[in-house]
Amino acid sequence: MTYAPGLEFSVPGKNAFEVEFSFWYSRAGWREEHEVITVFGEAKSVADKCFGPKDIARMRHVAELFPGSFLVFAALKNTLHQEERSLVADLAQWGREALDDGRPRAPVIVLTGVELFCSWHVNHTWKEFDGLRKQFADTAHTRPDNLWTLADVTQQVYLDLPSRFEEMRKKWEAAKRLRSLPAMDRR
């Protein structure tokens, strides 16, 4: 992983803007290489409402400049205000749309003080909570060390969004049913 704090972007015809942190990450092992993932993040403290429309617009702009990159919204508090949740959820829904290669446009990860201050591993900390966090922690196949999984589960936990994978499965099944209909019935 390579990390960079406070990057300033200059885009012709636009005002310069800053992203609070970024990193490039690869899970390359000794047997195989994995794609390097680009991550941009917005970090806040414990204010009641940390993330506002300007933050969302800035992160969306970054996602448009770097399609397929992950967007992280990190706050030291343990939960998001309902207004923040709504703003970030709208961006996360937009980010779920597929690029030409099938990857999501901009997977969104939400981190709170729960994850940022965990003593060992997110799963160990989540076991101490009720609800979705405990469910995910108790499920052996949930791997929050995988950024794709972390994006999906934190969107469910903090943004009240459905599983992206379940959403995709439903779309595929609907498309399959449509293809199985005679051409006349597809209208």
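Here are the numbers for this structure:
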| quantity | calculated |
| --- | --- |
| Residue-level accessible surface for W126, protein heavy atoms, 1.4 Å, Å² | 0 |
| Peptides 167-176, 14-23 ordered by average Cβ neighbours within 10 Å, highest first | 14-23, 167-176 |
| Hz values of 3J(HN,Hα) by residue in segment 85-100 - Karplus curve (6.51, -1.76, 1.60), Gly and Pro given as x | 4, 5, 4, 5, 4, 4, 5, 4, 4, 4, x, 6, 4, 7, 7, 4 |
| Eligible lysines near K54 by straight Cα distance, threshold 19 Å, same-chain separation 8 or greater | K14, K44 |
| Among 148-157, 74-83, the order from most to least packed when residues are scored by Cβ within 10 Å on average | 148-157, 74-83 |
| Under the Karplus curve 6.51 cos²θ - 1.76 cosθ + 1.60, θ = phi - 60°, whole-Hz ³J(HN,Hα) for segment 152-164, x wherever Gly or Pro sits | 4, 6, 6, 5, 5, 5, 9, 10, 6, 8, x, 4, 5 |
| Amide proton proximity set for C50, modelled H, under 5 Å, gap of 5+ | H81 |
| Under 5 Å, built H, 5+ apart or other chain: amide partners of I37 | Y25, S26 |
| Karplus 3J(HN,Hα) series, Hz, for segment 101-111 with 6.51 cos²θ - 1.76 cosθ + 1.60 (x for Gly, Pro) | 8, x, 6, x, 4, 6, x, 9, 10, 10, 10 |
| Accessible surface ranking that places the most exposed of V11, V62 first, with a 1.4 angstrom probe | V11, V62 |
| Correct option for volume of the Cα convex hull per residue in Å³ [calculated from the coordinates] among [x] 99; [y] 181; [z] 241 | [y] |
| L161 long-range amide H proximity, modeled H, under 5 Å | Q156 |
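The values are calculated or read from the model by the stated rules, or taken from the named source; none is laboratory data. None of these values were measured; they are calculated from a predicted model. In this analysis, Cβ positions are derived from the backbone assuming ideal geometry, glycine residues included, and neighbour counts consider all displayed protein chains. When the accessible area is computed, the model is the full protein with side chains, heavy atoms only, and any ligands, DNA or RNA have been set aside. Shrake-Rupley method; radii C 1.70, N 1.55, O 1.52, S 1.80 Å.
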